[in-house]
1. Using θ = phi - 60° and the Karplus form 6.51 cos²θ - 1.76 cosθ + 1.60, what ³J(HN,Hα) does each residue of the range 108-117 get, whole Hz, x for Gly and Pro?
2. Which residue fluctuates the most in the chain, going by a Gaussian network model with Cα springs under 10 Å, if the choices are Gly96, Gly68, Gly108?
3. Is any residue of the range 121-141 close enough, with backbone N under 20 Å, to a label point placed 7 angstrom from the Cα of Asp91 along the Cα-Cβ axis, and if so, which?
4. Would you kindly state how much longer the chain becomes between Ala119 and Ile30 on full extension, computed as 0.36 nm times their sequence separation minus their alpha carbon distance, in nm to one decimal?
5. Express the C-alpha Rg of the range 37-140 as a ratio against the empirical globular expectation 2.2 N^0.38 Å, rounded to two decimals.
6. How far apart, in nm, are the 7 Å Cα→Cβ label points at Trp76 and Asn141?
7. Angle check, please: helix 24-36 long axis (alpha carbons) against the longest principal axis of the chain (alpha carbons), in degrees 0 to 90, nearest 10.
8. Can you sort Ser121, Ser24, Ser102 by how many other beta carbons sit within 10 Å, fewest first?
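None of the figures in this text is laboratory data; all of them are computed from the coordinates on show. A quick note: this is a predicted structure, and the numbers were derived from the prediction, not measured. Here the Cβ positions follow ideal geometry from the backbone for every residue, glycine too, while neighbour counts run over all protein chains shown.
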Amino acid sequence: MVYGDALREKILQAIFNINVKTSSLDAEVITELILSGKAHEIVSQKKQLAQSANDIYSEYFPLRKNVGNPLSFYRWLPIQEHNDALQLETDLKMLGIRVFHSDRFLSGQTTPDKYLRIALSSTNSLEELKIGIKILKQYLN
């Protein structure tokens, strides 16, 4: 970023405020949520939604024991027959489903195990999630 000396202090202060300093408004809102007990209610609702989303996923793709957090916001779905990650993602996107192949997350050598990362909290409703998972199940079969 290039700027003149006249703006130097203002820009440095703005960068500091954005990156380091906690927003006073955010702190006030969060404090009120905690003190009023609303924060606990919000967390409970989020846990219930996460549980419902995981239950929907498990209906179509039963989980093996001890696979991740039971309230996870995403799941890694093992896939074997689909070797072309880009084609798989493209096909599913054309069906209205956005998933990510595990190859996108590699930082080293490829592995023989392949997965799809299935987000359970990216839909507008649990019904939309159910429709998407049902389409995914049909596609993979």
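1. Rounded to whole hertz, the list is x, 5, 5, 10, x, 7, 10, 9, 10, 8.
2. Of the options given, Gly108 has the highest mean-square fluctuation.
3. 131-141, by backbone N distance to the label point.
4. Numbers: separation 89, 0.36 × 89 = 32.04 nm, distance 2.67 nm.
My answer for the length gained is 29.4 nm.
5. Values: Rg = 14.8 Å, N = 104, 2.2 N^0.38 = 12.8 Å.
In units of the globular-protein estimate, the range 37-140 measures up at 1.16.
6. That separation, rounded to one decimal, is 2.6 nm.
7. Result, in degrees: 60.
8. On the way: Ser121 12, Ser24 8, Ser102 18.
Final ranking by Cβ density, sparse to dense: Ser24, Ser121, Ser102.
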